[in-house]
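**Q** Have a look at the structure that comes next, please.
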Amino acid sequence: MTSILSKYSNLTQRIIAAILGALFIGFGLYYSQWLYLIIFLVICMITQLEFYKLVGLDGMLPLKTFGTFTGGFLFVLSFFIESGMLDSRFYMAVFPVSACIYLIYLYRKKSLKPFRGIAFTFLGIIYVAIPFALLNVIAFSNVTYAYELILGSIFILWANDTGAYFTGVRFGKRKLFERVSPKKSWEGSLGGFILAMGMAYTISHFTNVLMPWQWFCIGVIITICGTYGDLVESLFKRSIEIKDSGRLIPGHGGFMDRFDGLLLSAPFISAFLKIF
């Protein structure tokens, strides 16, 4: 796909990839909970592999394969538990699986600083896999599978990103967080907020899984947390001096670049839905 779109400008690639991605994810979420499981399991594992690859560029040696396996295991386990197919006591299985990370490093002779590798292996699980696993909490927060909750949250996130991007390019003057991301502006953030709230308003009129005020609250959460999620990833990339987390998505970079806002938003959205 990247080679096919390479003849277009970056903006055109960005728009085409976004439309195709939205259609693919939207269809998968709508079609069945099993297709949702497969699609987001793949996204979770690719994103986690990207994280470990980038950490490796900075001289760290995390357990890429086993760390990603543990993250995928956590995602699948949370799916079956939140859907009611397994009892919540099976969450305890995560701890012995994660503890194997210590044992692997114990027998890994070539690792000069094993606890740095252990720390970054766990960070990949915490930073990437847990937020993706919390999507299952969101999807099944009304007991039965509700694709509208995941799709709506993603659309609000993308609306925020789109509004921030185009408003920032056209009107951006006051820097939001210049030390971490010089291109982000307060004007862009305001444009992202307006478009995100407009998307939340639209979604509330086409779905009945949540009250309108709940969608607006999710819109506020995503606007704030999505922006901070993007800044956190920018801080991470700046620390290892790279521009994009990957090249798998034309015009967008890698999966971390596309879903960074979701990584910080998912914990807050799931907490909000569980409490309110």
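The values are calculated or read from the model by the stated rules, or taken from the named source; none is laboratory data. Because the structure is predicted, anything quoted here is derived from the model rather than measured. Ideal geometry is used to build each Cβ from the backbone, glycine not excepted, and the neighbour counts take in all protein chains shown.
**Q** Would you be able to say whether some residue in the stretch 167-179 is in a helix (DSSP H, G or I), without any contact (Cβ under 8 Å) to a residue 60 or more places away in the chain and buried (at least 19 other Cβ atoms within 10 Å of the Cβ)?
**A** Yes - at least one qualifying residue is present in the stretch 167-179.
**Q** Follow-up. Are any residues in the stretch 225-250 surrounded by fewer than 18 Cβ atoms within 10 Å (Cβ to Cβ) and either modelled with pLDDT of 90 or more or assigned to a helix (DSSP H, G or I) (or both), and if so, which ones?
**A** Residues satisfying the conditions are 228, 232, 235, 238, 239.
**Q** Something else: Of all the residues that make up the stretch 180-204, how many are in contact with a helix residue (DSSP H, G or I) (Cβ under 8 Å, 6 or more places away or on another chain) and either surrounded by fewer than 14 Cβ atoms within 10 Å (Cβ to Cβ) or of a type outside the set (A, V, I, L, M, F, W, C) (or both)?
**A** 12
**Q** Also, quick follow-up: Has the stretch 79-94 got any residue that is of a type in the set (D, E, K, R) and modelled with pLDDT under 95?
**A** Checked the stretch 79-94: no residue is of a type in the set (D, E, K, R) and modelled with pLDDT under 95.
**Q** Is it true that residue 92 is of a type in the set (A, V, I, L, M), touching a residue at least 60 places away in the same chain (Cβ under 8 Å) and surrounded by fewer than 18 Cβ atoms within 10 Å (Cβ to Cβ)?
**A** In short, no.
**Q** Would you check if residue 29 is crowded, with 16+ Cβ neighbours inside 10 Å, touching a residue at least 24 places away in the same chain (Cβ under 8 Å) and in contact with an Asp or Glu (Cβ under 9 Å, 6 or more places away or on another chain)?
**A** So residue 29 fits the description; yes.
**Q** Taking residue 39, is it in contact (Cβ under 8 Å) with a residue 40 or more places away in the chain and not small (Gly, Ala, Ser)?
**A** When the stated conditions are applied, residue 39 does not pass them.
Conditions (1) assigned to a helix (DSSP H, G or I); (2) within 17 Å of the chain's Cα centre (by Cα), marked per residue:
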| site | (1), (2) |
| --- | --- |
| 48 | yes, yes |
| 51 | yes, yes |
| 78 | yes, yes |
| 93 | yes, no |
| 98 | yes, no |
| 103 | yes, no |
| 109 | no, no |
| 117 | yes, no |
| 126 | yes, yes |
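**Q** Next question. Name the single residue that is nearest to residue 54 (Cα to Cα) among those in the stretch 199-241 being touching a residue at least 40 places away in the same chain (Cβ under 8 Å) and among the small types (Gly, Ala, Ser).
**A** The residue in question is 239.
**Q** Return a yes/no flag: does the stretch 265-276 have any residue that is surrounded by fewer than 16 Cβ atoms within 10 Å (Cβ to Cβ), at pLDDT 85 or above, outside any helix (DSSP H, G or I) and hydrophobic (A, V, I, L, M, F, W, C).
**A** yes
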